[in-house]
Amino acid sequence: MKKIFSLIVAGATGGLVVLVGLLSIGHYSVNKKSADDVHLTAQFEGSDANLPNDFIAAADEAMPAVVHISVKESTNLAQSRKREGSRRDPFSFFFGDEFFGNPRGREGKGSGVIISSDGYIVTNNHVIEMTDDFEVTLHDERKFKATLVGSDPRTDLAVLKIDADGLPFLKFADSDKMRVGEWVLAVGNPFDLTSTVTAGIVSAKGRNKILRQNDAIEDFIQTDAAVNPGNSGGALVNIEGGLIGVNTAIATATGYYAGYSFAIPSNMVEPVVNNIIDFGGPRVTLGVYVASIADYEEYAGRDLNIEKGIVVTELVDGGTAQYSGILPNDVITKVDQETVNSAEDLVKNNEPFQDRR
């Protein structure tokens, strides 16, 4: 009996030892898992630290320099447009202009970027075209009447001027240095929501055939920063707050943001704006029409057997090129040692030209 009792005690003791061991292993496993979780959490938090946390600094730099622009037709312009329409409308001859009611003056809203402390503002041409009354509202809610310095419909750029000094402004950054995947901020006034900032990355560079305008000069930066009606003419900035583009268009089937937006790169904006300020418009003195090699070969039906350069398709009568020995079908490969492969290259290099495609 004692022997049987001893065996029972020994078995119970062994079982208890095994149970304690299993519990210890289980406790160790749980603790080890918790430690791994903490380690993984720390790694995740560390990866967050690699994301730019100074969007705030870039936004603080950009917002004061982005303005709200309201445009409309003056009474005189609306009446002039009405008279012009009446001349084209045969029914007005019989019924009179008033039969159709007074024309409603065009109105619109957009954004602009202050580029100098004395009040020069860049925006899109499509924001201000066909209107002549411009009101600019600053970030601090001060309002100014603006005058149109000049515009360039082919690059969709325009410059306004307000009578003010000591204004915050954005400096042009080098858009050529932006790489696909870099963070950017779009700053503007979509849907009248002033000083709105959205973030995204550079999705692509050198996009063209976006505006569907035959003579448009396009070299867009594509981003996935949200842009909507009212953002046009606003700033696209890098994370340092430098101006790398002017927001211009979106890819959409509805008229609203659908995933991609397009900005005119600063390296195109700056020379065009400087020419508008200095000369009231894009400087056109060379007096040539040009086309890319591919476009020329397509419509001329000729194989030039070259890959780089642009083709002179036509000369402007009385232009500089006509008296300098340039002839139609000549190929321009460089200007001032800068390689030229498109009309856009001429624009970025601030060279005078005309482009016909």
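Is it the case, given these coordinates, that G242 is touching a residue at least 40 places away in the same chain (Cβ under 8 Å) and either farther than 30 Å from Y289 by Cα or not assigned by TED's automatic domain parsing to the domain that holds S266 (or both)? Steps first, please.
Values: touching a residue at least 40 places away in the same chain (Cβ under 8 Å): yes; either farther than 30 Å from Y289 by Cα or not assigned by TED's automatic domain parsing to the domain that holds S266 (or both): yes.
Answer is yes for this residue.
Tally up the residues in segment 73-104 that are touching a strand residue (DSSP E or B) at 6+ places or on another chain (Cβ under 6 Å) and modelled with pLDDT under 75, please.
So the answer is 0.
Any residue in segment 65-80 that's without any contact (Cβ under 8 Å) to a residue 12 or more places away in the chain: show its pairings with residues that are in a helix (DSSP H, G or I) at Cβ separation under 6 Å, as long as the two are six or more apart or on different chains.
Here the result reads none, with nothing in segment 65-80 linked to a residue that is in a helix (DSSP H, G or I).
Between a residue in segment 120-144 that is closer than 18 Å to R106 by Cα and of a type in the set (V, I, T) and any residue that is buried (at least 18 other Cβ atoms within 10 Å of the Cβ) and modelled with pLDDT under 95, which pairs come within a Cβ distance under 6 Å, given they are 6 or more apart or on different chains?
That search, which allows pairs on different chains as well, returns T131/E73.
How do the strands (runs of 3 or more DSSP E) wholly within segment 212-311 filter down when requiring 2 or more residues that are at pLDDT 80 or above: which remain?
By residue number, 220-223, 235-237, 243-251, 260-265.
Among N231, N267, which is the only one that is under 15 Å from V66 (Cβ atoms), among the polar types (S, T, N, Q) and buried (at least 21 other Cβ atoms within 10 Å of the Cβ)?
Values: N267 fails: under 15 Å from V66 (Cβ atoms).
Every option except N231 fails the conditions.
Which of the residues that make up segment 164-178 are touching a residue at least 12 places away in the same chain (Cβ under 8 Å) and out of contact with any strand residue (DSSP E or B) (no Cβ under 7 Å at 6 or more places or on another chain)?
Selection gives D165, G166, D174, D176.
Return a yes/no flag: does segment 192-209 have any residue that is under 16 Å from I69 (Cα atoms), buried (at least 22 other Cβ atoms within 10 Å of the Cβ) and out of contact with any Phe, Trp or Tyr (no Cβ under 9 Å at 6 or more places or on another chain).
Scanning segment 192-209 turns up no residue that is under 16 Å from I69 (Cα atoms), buried (at least 22 other Cβ atoms within 10 Å of the Cβ) and out of contact with any Phe, Trp or Tyr (no Cβ under 9 Å at 6 or more places or on another chain).
So, in segment 183-211, exactly how many residues are part of a loop (DSSP other than H, G, I, E, B), over 25 Å from V272 (Cα atoms) and not hydroxyl-bearing (S, T, Y)?
1
The values are calculated or read from the model by the stated rules, or taken from the named source; none is laboratory data. Note that the coordinates shown come from a computational prediction; the quantities given were computed from them, not determined experimentally. Neighbour counts run over all protein chains shown; Cβ positions are idealised from the backbone, glycine included.
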